[in-house]
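Inspection log for the structure reproduced underneath, given as structure tokens.
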Amino acid sequence: MTSRKRQAADSLLPVRSAKYQRTEENQGIWNRWRQLGTDAFTLGYETVRLGYLSLMNSSQNPGISQVTSQQSEKPNQTGFLPSQATHLALPPRLSIPEEFHKPKDSQPVAGLSRLSSSLLSCSESSNALNGNGNSPPSTLTGHTSVTPVPSTSKEHIQHSQSYDFIGNSAHRRGVVGGIRPRQSRDHIYARVHRAKVQEDRKKDREELVQELFHYKRSTGYTSDFDSFKSLINYQARLEILERHALSPSPSLTDLRAKQSLPGHSRRHSFSDDVDPDFLERALRKAKKSFELPPPKPFSPSHDRLRLSARHRDEAIEKRLRPRLPKALPPDADIQVNALLCKKGVISKVARESVNDRDISRLLPSQWLNDEIMNFYGAMILMRSESNRDPTAKRKMLDVHYFSTFFWPKLKNEGYEQGRLAKWTKKIDIFSKDVILIPINHNNSHWTGAAINFRQKRIESYDSMNLDRHQVFKALRSYLDSEHRNKRKKPFDFTGWQNHNPEDTPQQENGYDCGVFTCQFLESLSRGEEGFRFSQRDMTYLRRRMIWEIGHAKFLDGP
């Protein structure tokens with residue numbers, strides 16, 4: 001900063017900066033013309049550059065048709081040889097009138113040739129482009145005839161919709177010839193519309209479930225609406241797994257998974273978005289049951305009269321049988337609460353044990369895991385072995401219990417590869433009365449199966465009443481393989497039947513299948529032909545199982 005003081009005649013600020021000197025008025029006009037010329041040159045350069053890039057891409061991209069004319073060397077209307085004419089498919093943005101769409105063996109159009117010659121100049125003939133796929137040289141001379149060839153390939157259509165010009169894979173990842181990919185935006189009310197559609201669909205599903213629940217209530221369904229919703233969702237998911245033989249959805253909780261949080265109250269996950277098609281099918285099935293005409297009258301024969309009398313006797317016997325109580329005795333109920341508060345290992349029997357996390361699975365609305373199923377089976381096996389004594393008060397069947405890991409071995413690996421012969425190395429299953437097998441289907445549903453040697457039956461008990469033909473097939477194959485291995489001859493299936501009783505108790509929710517399976521197997525071990533429990537007894541049976549597992553013995557009484 002200078003130390004010279006400003007004179008009184010000097011202005012406060014300079015009129016113009018000293019960096020820009022005053023020029024004549026016409027000098028500004030010439031500068032503007034000079035800038036215009038620079039812009040025109042830049043525009044031409046960019047145009048040639050784009051054309052060059054299009055040629056390179058067309059020579060490397062198979063989606064762009066490139067055919068070199070091999071006609072005579074006589075010059076055509078454009079003044080160059082046909083061998084120099086390369087027919088290329090122009091990018092979709094460079095639209096060409098229909099009169100230019102000529103067959104590829106026709107002569108190039110003069111107007112299009114002038115257009116291409118003004119855009120591109122090649123240093124070599126176009127034969128260099130049709131060689132071994134090499135890129136053209138950097139210097140462009142000569143003339144090139146460009147004839148559009150329609151391309152209907154999927155790749156061409158996809159690229160033309162996504163970019164202004166067709167490029168190779170390197171250009172598709174970024175900017176193509178200085179032009180960025182177009183980005184589509186959602187409508188300003190798109191989010192509101194999607195929310196409204198989801199809300200309408202949810203209301204429709206709710207109405208279908210309500211109507212189906214009304215029909216089920218009229219046919220004897222006793223549980224509440226929330227349990228019915230879980231049952232419908234559970235049936236839909238099991239139908240998907242059975243139909244497509246898929247692995248379970250991530251939204252289905254793993255039955256074999258350990259509990260991560262001790263205080264977690266629910267071990268199943270159900271979505272509210274039930275497939276409307278499934279609800280429609282279930283509703284049509286329920287309505288059809290009401291629309292069926294009444295059975296035609298018939299005159300009963302002697303066999304039918306005997307069968308009817310037998311059914312009446314069974315109904316009377318079932319009524320005379322004591323029903324299950326609604327709650328445990330007060331002292332046993334207090335012990336159950338104490339077991340639920342206990343931490344660590346709760347009980348042991350044989351080689352099985354359960355801890356506090358396992359036994360908490362017997363709380364309401366929870367699936368059972370392998371530890372609970374195998375512990376209960378070990379108790380059944382121990383009771384059967386202890387009652388072989390002739391002086392025992394209650395006679396039990398001679399049973400054998402396979403663990404929950406037997407079925408995956410048999411189904412996925414087979415008898416030989418799964419080495420199932422070692423499972424019966426110390427026992428002879430053919431001398432037993434009944435073989436009890438718990439089955440986990442697709443890691444999402446428990447059922448019970450039995451090989452009944454007393455009555456020559458392969459039995460399956462499912463609380464969801466699904467088709468289990470694969471169970472009968474697999475167990476028959478196992479019996480034959482085991483008999484060949486131990487007795488060295490095929491098993492004789494004469495008189496054997498597949499038994500799937502229609503009066504099997506059915507669950508009315510999506511989480512009690514494990515409790516039903518345990519009670520199926522326990523009743524079969526006592527030689528019971530029927531089951532006297534139902535969905536209304538599940539709360540009592542869960543607490544009873546907690547007491548029995550905690551004390552490693554069965555509770556006396558009904």
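Counting only protein heavy atoms and using a 1.4 Å probe, the accessible area of Phe405 comes to about 100 Å². For the range 393-505, the share of accessible area belonging to carbon and sulfur comes to 46 percent (1.4 Å probe, ligands and nucleic acids excluded).
The phi-based Karplus calculation (6.51 cos²θ - 1.76 cosθ + 1.60; θ = phi - 60°) puts the 3J(HN,Hα) values of the range 493-508 at 8, 5, x, 7, 10, 8, 10, 9, x, 6, 8, 5, x, 10, 7, 10 Hz, whole numbers, x for Gly and Pro.
Amide H contacts under 5 Å for Gly510: Leu231, restricted to partners 5 or more places along the chain or on a different chain, H placed in the peptide plane at 1.01 Å from N. Shape of the range 347-440 from its Cα gyration tensor (a ≥ b ≥ c, root eigenvalues): rounded if a/c is under 1.5, otherwise prolate when a/b > b/c, or oblate? Verdict is oblate for the range 347-440. Per residue, what accessible area does the range 310-370 have, given a 1.4 Å probe and all protein chains present, in Å²? Per residue, the range 310-370 has 68 Å² of solvent-accessible surface. Beyond 23 Å, how much of the Cα-Cα pair distribution for the range 455-558 remains, as a whole percent? Roughly 41 percent, once rounded to a whole number.
Per residue, the solvent-accessible area of the range 509-551 (1.4 Å probe, heavy atoms of protein chains only, all protein chains present) comes to 26 Å². Within the assembled protein chains, the solvent-accessible surface assigned to Asp39 is about 80 Å², based on a 1.4 Å probe. Within the assembled protein chains, the solvent-accessible surface assigned to Tyr189 is about 140 Å², based on a 1.4 Å probe. Pairs over the 23 Å Cα-Cα cut-off, from the set Lys486/Lys553; Lys426/Lys489; Lys348/Lys473; Lys229/Lys473; Lys229/Lys342; Lys409/Lys473: Lys486/Lys553; Lys348/Lys473; Lys229/Lys473; Lys229/Lys342. Going by accessible surface with a 1.4 Å probe and the largest first, Lys285, Lys411 read Lys285, Lys411.
The values are calculated or read from the model by the stated rules, or taken from the named source; none is laboratory data. Just so you know, these numbers come straight off a predicted model, no measurement behind them. For accessibility, only protein heavy atoms count, side chains too; no ligands or nucleic acids. Shrake-Rupley method; radii C 1.70, N 1.55, O 1.52, S 1.80 Å.
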